[in-house]
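Below you'll find the structure, written out as structure tokens, and then a few comments.
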Amino acid sequence: MSQTTPAPSATPYGTLPPASPLPQRRPVSLPQLHQMRAAGEKITMLTAYDATFAAVADAAGVECLLVGDSLGMVCQGLTSTVGVTLETMRYHTESVSRGLRRVQGTAWIIADLPFGSYQESKEQALRSAAVLMQAGAHMIKLEGGGWTAPVVEFLVQRGIPVCAHLGLTPQTVHALGGYRVQGRDEEAAVLLRRHAHELQDAGATMLVLEMVPARLAAELTAELTHCHTIGIGAGKGTAGQVLVMHDMLGINLGKTPKFVHNFMADAGSVRGAIESYVRAVKEGRFPVDELHAW
């Protein structure tokens, strides 16, 4: 259905731009993401935690919105993601979902299963995933490899799309010894590769690779034909990219990670910054391995 763009309106401060028309693209789906991957088009993802920023990111062309447990640091002021609860994730997932519904948004919503909501058993993971799916998520994300493969298979068999997460896994940052690059030595790289293939075989259709050496991330992307890699600090060779929205807008509360670019510094608005991010990822200009990866 075609949409008519409202005409600009005059104000004492000049002429305002026309109101944003309703999105023209089809709702993002797993088949569409597969088509993008097959065509060599990069997938764009940003975190979102509330209705307004979700709507702005959707209008700017972001395909996937991650309701990340990073909200613990961004929204709650925690020092890690460990303190985020399932109820908190449900609240923010509902907020993002409502924001997209109000503007007839089309983005694919992924919600993190928080620490302690899926480690106990496959059944616990199913109950937790159901909470987030009923809150509006299209897909859930969980961290780690090895023991998680049976959990992924259990969820996928019950109709729940799963995004996995390897490399730096923030929920286990204490066990990892801090926010450090993962998979640098041969032994660690072999284990990470094995876990990635196990997760694809279990049915995961997306895989976030965080702070993984660029060469290893590119090799895994080529190997995983049915599981789309989304990089964050993993170089430009992945099938897509994700950043924490507040990081790429230059308004985070801590040290800016090496893999972040402040897109707000080059734009005049939040939407302009997000559009710049989308273009840069699509055109292969971000990330730059020499600057943003290892």
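The values are calculated or read from the model by the stated rules, or taken from the named source; none is laboratory data. Please read all numbers here as calculations on a predicted model, not as lab measurements. Because the Cβ atoms are built from the backbone with ideal geometry, glycine has one as well, and the counts that use them run over all protein chains shown.
Looking at LEU176, LEU224, just one residue is closer than 19 Å to ALA149 by Cβ and free of Cβ contacts under 8 Å to residues at least 60 places away in the same chain, and that residue is LEU224.
The set of residues in the range 31-50 being more than 19 Å from VAL131 (Cβ to Cβ) and surrounded by fewer than 24 Cβ atoms within 10 Å (Cβ to Cβ) consists of PRO31, GLN32, LEU33, HIS34, GLN35, MET36, ARG37, ALA38, ALA39, GLY40, GLU41, LYS42.
Within the range 180-190, the set of residues being touching a residue at least 40 places away in the same chain (Cβ under 8 Å) and hydrophobic (A, V, I, L, M, F, W, C) comprises VAL181 only.
Suppose the filter is touching a Gly at 6+ places or on another chain (Cβ under 7 Å) and buried (at least 19 other Cβ atoms within 10 Å of the Cβ); does ASP58 pass it? Taking the combined requirement at face value, the residue satisfies it. Name the residue, out of LYS122, LYS141, that is touching a Phe, Trp or Tyr at 6+ places or on another chain (Cβ under 6 Å) and of a type in the set (D, E, K, R). After applying the criteria, what remains is LYS122. Apart from one condition, MET139 fits all of (1) in contact with a strand residue (DSSP E or B) (Cβ under 8 Å, 6 or more places away or on another chain); (2) farther than 21 Å from ARG26 by Cα; the exception is (2).
Tallying residues that are more than 14 Å from GLU143 (Cα to Cα) and hydrophobic (A, V, I, L, M, F, W, C) within the range 189-201 yields 3.
Taken over the range 78-114, the criterion of being acidic (Asp, Glu) and crowded, with 17+ Cβ neighbours inside 10 Å is satisfied by GLU94, ASP112. Being within 22 Å of ASN252 (Cβ to Cβ) and not β-branched (Val, Ile, Thr) holds for only one residue in LEU126, LEU71, and it is LEU71.
Scanning the range 264-294 for residues that are of a type outside the set (Gly, Ala, Ser) and touching a strand residue (DSSP E or B) at 6+ places or on another chain (Cβ under 9 Å) yields ILE274, TYR277, VAL278, VAL281, LYS282, PHE286, PRO287. Reported count of residues in the range 243-271, each being free of Cβ contacts under 8 Å to residues at least 24 places away in the same chain and either surrounded by 13 or more Cβ atoms within 10 Å (Cβ to Cβ) or of a type in the set (A, V, I, L, M) (or both), is 8.
For every residue, the table says whether it meets (1) modelled with pLDDT of 95 or more; (2) of a type in the set (Gly, Ala, Ser).
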{"position": "CYS227", "(1), (2)": "yes, no"}
{"position": "GLY233", "(1), (2)": "yes, yes"}
{"position": "VAL244", "(1), (2)": "yes, no"}
{"position": "ILE251", "(1), (2)": "no, no"}
{"position": "THR256", "(1), (2)": "no, no"}
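Note on the range 276-294: residues that are surrounded by fewer than 21 Cβ atoms within 10 Å (Cβ to Cβ) and either part of a loop (DSSP other than H, G, I, E, B) or over 16 Å from the mean Cα position of the chain (by Cα) (or both) total 11.
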